[in-house]
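Below you'll find the structure, written out as structure tokens, and then a few comments.
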């Protein structure tokens, strides 16, 4: 079992902070606070790295499905403007969480 060290990251929002380590290459259940029920809708999903755009009109932002980092089409501290999205652009994953969980979730990456 290998461990990847994740760089110390600033708090995300008032109470969320990223894990300092995450298992990679381990298909067993990973003990990480970011994992909830994402397997039900992201297991084997096709993701593309892209600039954020709202899912529909009136939708101002989204959050990483794992760590809750904010995605938006605006410049602001801590706001991400690009990341990995499902083909319908409904689910978003930040680069760090993508790196931490790509093997566990078996994501297919499509270049756009």
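A few comments on the model shown:
Each row is one residue, and each column tells you yes or no for (1) surrounded by 14 or more Cβ atoms within 10 Å (Cβ to Cβ); (2) more than 13 Å from residue 45 (Cα to Cα); (3) in contact with a strand residue (DSSP E or B) (Cβ under 6 Å, 6 or more places away or on another chain).
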position	(1), (2), (3)
58	no, yes, no
62	yes, yes, yes
70	yes, yes, yes
80	yes, yes, yes
94	yes, yes, yes
99	yes, yes, no
104	yes, no, no
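Residues checked against (1) at pLDDT 95 or above; (2) within 16 Å of the chain's Cα centre (by Cα); (3) more than 17 Å from residue 108 (Cβ to Cβ):
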residue: 1; (1), (2), (3): no, no, yes
residue: 19; (1), (2), (3): no, yes, yes
residue: 23; (1), (2), (3): no, yes, yes
residue: 34; (1), (2), (3): yes, yes, yes
residue: 44; (1), (2), (3): yes, yes, no
residue: 63; (1), (2), (3): yes, yes, yes
residue: 90; (1), (2), (3): yes, yes, no
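- Flag for residue 66 being in contact with a helix residue (DSSP H, G or I) (Cβ under 6 Å, 6 or more places away or on another chain) and crowded, with 18+ Cβ neighbours inside 10 Å: yes
- Residue 40 falls short on exactly one of the conditions (1) outside any loop (DSSP other than H, G, I, E, B); (2) free of Cβ contacts under 8 Å to residues at least 40 places away in the same chain; (3) touching a strand residue (DSSP E or B) at 6+ places or on another chain (Cβ under 7 Å), and that condition is (3).
The values are calculated or read from the model by the stated rules, or taken from the named source; none is laboratory data. It should be emphasised that the depicted structure is a prediction, and the values quoted were computed from it without experimental measurement. For neighbour counting, all protein chains shown are included, and Cβ atoms are generated from backbone atoms with ideal geometry for every residue, glycine included.
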